Amino acid sequence: MLNFSFQNPTRIHFGEGQIAAISQEIPLDARVLLVYGGGSIKSNGVYQQVVTALDKHTWFEFSGIEPNPSYDTLMKAQTIIKAQSIDYILAVGGGSVVDGAKFIAAATLFDGNDPWDILAKQQTITQALPIGAVLTLPATGSESNGNSVVTRDGNKLPFSSPLVRPLFAVLDPKVTLSLSDRQIGNGVVDAFVHTIEQYLTYSVNGKVQDRFSEGLLQTLIEEGPKALDPATKENLEIRANIMWSATMALNGLIGAGVPQDWSTHMIGHELTGAFGIDHARTLSIVLPAVMKVCREKKREKLLQYASRVWQLTEGDDNARIDQAILLTEQFFIKMQVPTRLSDVDLGTKDIDLLIKRLEEHGMTALGEHGDITLDKSREILIQAL
């Protein structure tokens, strides 16, 4: 196992009715900016629960944060923050809203000329407004980590800082019952690939991390399709297990002390930035191709994945790896997401642009070994056709 330092200070309030905990988490003298997306929280009852919890607080609101939050939208929040002396951000929504809140919190106190430099130049964040989160869509794990991704002019870039990790997060599985099938499928796949990025690399004898990861993968494989099945989609226990899996997939625990990949995400970001494809759907397209192209470097872990996650114990090594990749693709199809570029009307003609974007963003040495060059990324994209 590799050396590591681990701390996750986000306090989680999990379960039905826990939105009320906001009233105790945010100081009464805070001036709160409630940020959210397109307004679905007003139709599913979440907004009213938040308003009730903030009854004794001074608060304002900012809406319109879109999926794959845009820099231009997020910067509009600064007008309210300055006019109302906001000193606390409360994000209510899915991962995009939480990601957006993190950028807003960092941009408010950024001491450089252009807050975009936080992403484009990876400038260090030295201060940020405190953040709380009410999660409505389990997927990204953003509610208990310091990661964020923001898009500007087709460039989808990440940043990370412990200073933007939410101080608390409310996870009420009941609020996920109003999600569309597309949102459910995307969320499960996002959590699945987050886990894979920290698991499907090479062994450092991190047995605890591996077993945690395998448990998360199995849970998502078992419960994900049930959340789409009309007979079981209203089951709160199923939603609870998916919600907690998504949080655990990217709160730092399973990635501590083990090598990590993230090439699927970096290539996927370019698909979103260039063509507007849902984040999770880029992952379901790219991951199987990464597995195929990098199978020799990942051979040991692919065999472990085949055995422990899919219970594939018969046949030669290559046959078991092939079957594990096939079962992964079939799981994605069950979750109603694409597994090929052709599924989203992209083809060979689009690959040059994606490679150009990867080069522009410095994504020229990806993967756990840093050996996924632009040529290798091209091979992955060709495999994904």
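The values are calculated or read from the model by the stated rules, or taken from the named source; none is laboratory data. Keep in mind that what you see is a predicted model, and the values were worked out from it rather than measured. Glycine gets a Cβ as well: all are built from the backbone with ideal geometry, and neighbour counts include every protein chain shown. Heavy atoms of the whole protein, side chains included, go into the accessibility calculation; ligands, DNA and RNA do not. Shrake-Rupley method; radii C 1.70, N 1.55, O 1.52, S 1.80 Å.
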*asked:* Please go through (1) surrounded by 24 or more Cβ atoms within 10 Å (Cβ to Cβ); (2) within 17 Å of F332 (Cα to Cα); (3) out of contact with any Gly (no Cβ under 8 Å at 6 or more places or on another chain); (4) not acidic (D, E) for T219 and return the number of the only condition it doesn't satisfy.
replied: (1)
_Unmet requirement for N318, which otherwise passes all of (1) in a helix (DSSP H, G or I); (2) open to solvent by less than 20 Å² (accessible area, probe 1.4 Å)_ = (2)
_Given the criteria among the acidic types (D, E), touching a helix residue (DSSP H, G or I) at 6+ places or on another chain (Cβ under 6 Å) and either open to solvent by 10 Å² or more (accessible area, probe 1.4 Å) or touching a residue at least 40 places away in the same chain (Cβ under 8 Å) (or both), does D172 qualify?_
yes
*When both residues are 6+ apart or on different chains and their Cβ atoms are under 8 Å apart, which pairs have a first residue that lies in region 219-232 and is part of a helix (DSSP H, G or I), and a second that is open to solvent by less than 40 Å² (accessible area, probe 1.4 Å) and polar (S, T, N, Q)?*
T219/S245; L220/T195; L220/S245; E223/S245
_Hits in region 87-120 (condition: without any contact (Cβ under 8 Å) to a residue 60 or more places away in the chain and in a loop (DSSP other than H, G, I, E, B))_ = D87, L109, F110, D111, G112, N113, D114, P115, W116
*Give just the number: which of (1) open to solvent by 60 Å² or more (accessible area, probe 1.4 Å); (2) over 18 Å from the mean Cα position of the chain (by Cα) does R182 not satisfy?*
(2)
_Residue pairs, Cβ under 6 Å, 6 or more apart or interchain, first in region 240-256 and closer than 25 Å to V175 by Cα and without any contact (Cβ under 8 Å) to a residue 40 or more places away in the chain, second open to solvent by 20 Å² or more (accessible area, probe 1.4 Å) and among the β-branched types (V, I, T). List them._
N241/T219
_Checking the conditions here, which among I277, I267, I254 is open to solvent by less than 40 Å² (accessible area, probe 1.4 Å), in contact with a Pro (Cβ under 9 Å, 6 or more places away or on another chain) and of a type outside the set (S, T, N, Q)?_
I277
*Just one of S148, S203 is open to solvent by less than 10 Å² (accessible area, probe 1.4 Å) and either in a strand (DSSP E or B) or in contact (Cβ under 8 Å) with a residue 60 or more places away in the chain (or both); which is it?*
S148
*If a residue has to be within 20 Å of K297 (Cα to Cα) and assigned to a helix (DSSP H, G or I) to count, how many in region 330-381 make the cut?*
8
_Close pairs (6 angstrom Cβ cut-off, 6 or more residues apart or separate chains): within 24 Å of G187 (Cα to Cα) in region 53-71, of a type in the set (D, E, K, R) and buried (at least 20 other Cβ atoms within 10 Å of the Cβ) anywhere_ = P69/D99
*Restricting attention to region 91-116, which residues are among the aliphatic types (A, V, I, L, M) and surrounded by 24 or more Cβ atoms within 10 Å (Cβ to Cβ)?*
A91, V92, V97, V98, A101, I104, A105, A106
